[in-house]
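Remarks on the structure that follows.
The values are calculated or read from the model by the stated rules, or taken from the named source; none is laboratory data. This one's a predicted model, so the numbers in the text were calculated from it and none came from an experiment. So basically every Cβ, Gly included, is an ideal-geometry build from the backbone, and we count neighbours across all protein chains shown.
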Amino acid sequence: MQRNLTLSIDAMGGDAAPGVTIDGTAEFLAGRPDAHVLLHGDEALLAPLVAAKPELAGKVTIVHAAEKITSDMKPSQALRRGKGSSMWSAVEAVKDGQADASVSAGNTGALMAISMLVLRKMEGVHRPAMTALWPTLRGRTVVLDVGANVDADAEQLVTFAIMGEAFARATLGVERPSVGLLNIGSEEMKGHEEVREAHDLLRNSPLKMDYRGFIEGDDISGGAVDVVVTDGFTGNVALKTGEGVARMLASRMREAFTSSLSSKMGAALAMSGLKRLKDFMDPSNVNGGVLIGLGGVSVKSHGSADARGFARACELAADLALSDFRTEIATNLARVGTSAPAAE
């Protein structure tokens with residue numbers, strides 16, 4: 001049986017907050033009847049929205065936070081002015097033990113800065129990494145880093161591999177996730193020095209990791225491995241490129257299937273298959289990026305996510321909070337003897 005869970009939510013973060021966050025919270029709780037939610041934000045705005053949903057009675061506690069982190073606020077500003085904000089309050093509830101995980105659809109840079117300051121790094125972690133779940137021909141693949149670190153040295157890439165493996169086990173349900181290093185080729189001599197060194201470290205490590213070596217960009221969508229490891233610059237470019245290609249294909253498919261009467265008839269006949277494809281590619285179904293390597297769980301939802309998408313981010317946070325992934329990370333970091341400093 002799963003233990004009871006308390007989720008801490010920044011109700012004011014996101015493009016359509018707090019309406020979408022309340023709706024998403026209701027959808028999340030409908031599937032997790034034993035969970036409880038702390039909603040952080042302006043009580044005067046949140047109370048009537050919560051009261052309008054009788055199904056939330058007894059399952060939600062509003063924690064008043066008068067301030068809001070805006071989308072244009074720089075991380076440095078968020079750190080200076082954010083202590084009274086809904087985002088800071090939501091993350092701090094995890095640090096204080098009042099909640100098991102936090103979720104915010106607010107400013108990404110601000111959330112990263114606040115989460116790192118409040119939750120601190122795990123011992124042995126040089127830098128936390130942002131993860132993403134990527135749709136592939138085989139299902140889903142974990143990609144990290146996708147933006148938290150512009151560059152990464154060999155030891156940091158090894159740390160990302162350890163964190164990504166534990167994350168994949170917790171979120172994808174894969175007993176022994178396969179891991180690959182993103183490179184410009186699969187040959188041993190390809191890539192820059194840090195990638196080649198990380199390859200040697202992983203290949204010769206005492207970890208019982210299913211390390212597959214180098215993979216290339218087209219291997220990501222092919223699902224060649226369960227975990228793709230790279231630096232944040234490359235990972236973010238790959239992620240944004242993939243999202244752009246998906247939007248372009250969706251647009252071109254709409255044009256093709258509405259260009260003539262016969263095309264519309266063909267679309268009608270293929271409707272069930274097209275719907276399955278749309279659901280698989282829909283970002284709402286895989287919403288939620290995790291800043292992994294911290295002393296607590298902090299999940300970033302897309303700012304433009306709808307209620308269903310926000311609920312998915314909450315479910316991801318809940319799954320991670322109820323898993324042993326951080327213990328696994330700590331154990332494997334100790335096994336490889338990383339030289340990272342202890343958490344500050």
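Residue by residue, here is whether (1) assigned to a loop (DSSP other than H, G, I, E, B); (2) touching a Phe, Trp or Tyr at 6+ places or on another chain (Cβ under 8 Å); (3) among the hydroxyl-bearing types (Ser, Thr, Tyr); (4) surrounded by 23 or more Cβ atoms within 10 Å (Cβ to Cβ) holds:
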{"residue": "Ile9", "(1), (2), (3), (4)": "no, no, no, yes"}
{"residue": "Thr21", "(1), (2), (3), (4)": "no, yes, yes, yes"}
{"residue": "Leu29", "(1), (2), (3), (4)": "no, no, no, no"}
{"residue": "Leu38", "(1), (2), (3), (4)": "no, no, no, no"}
{"residue": "Ala44", "(1), (2), (3), (4)": "no, no, no, no"}
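Cβ-Cβ contacts under 6 Å between residues 6 or more apart (or on different chains), taken from a first residue in the range 110-122 that is touching a residue at least 40 places away in the same chain (Cβ under 8 Å) to a second residue that is of a type in the set (Ser, Thr, Tyr), are listed as Leu111/Ser104; Ser115/Ser298.
Within the range 126-157, take every residue that is among the polar types (S, T, N, Q) and touching a strand residue (DSSP E or B) at 6+ places or on another chain (Cβ under 7 Å) and give me the one that is modelled with the lowest pLDDT.
Here is the first cut: in the range 126-157, the ones among the polar types (S, T, N, Q) are 131, 136, 141, 149, 156.
With touching a strand residue (DSSP E or B) at 6+ places or on another chain (Cβ under 7 Å) added as a condition, the list becomes 131, 141, 149.
Details: Thr131: 90, Thr141: 91, Asn149: 81.
Ranking the qualifying residues of the range 126-157, first place goes to Asn149.
Might you check whether a residue that is surrounded by fewer than 14 Cβ atoms within 10 Å (Cβ to Cβ) and either without any contact (Cβ under 8 Å) to a residue 60 or more places away in the chain or farther than 19 Å from His302 by Cα (or both) occurs anywhere in the range 12-19? Checked against the condition, which is being surrounded by fewer than 14 Cβ atoms within 10 Å (Cβ to Cβ) and either without any contact (Cβ under 8 Å) to a residue 60 or more places away in the chain or farther than 19 Å from His302 by Cα (or both), the range 12-19 yields at least one hit.
Just to be sure, is Leu201 of a type in the set (A, V, I, L, M) and assigned to a helix (DSSP H, G or I)?
Working: of a type in the set (A, V, I, L, M): yes; assigned to a helix (DSSP H, G or I): yes.
Criteria met by Leu201.
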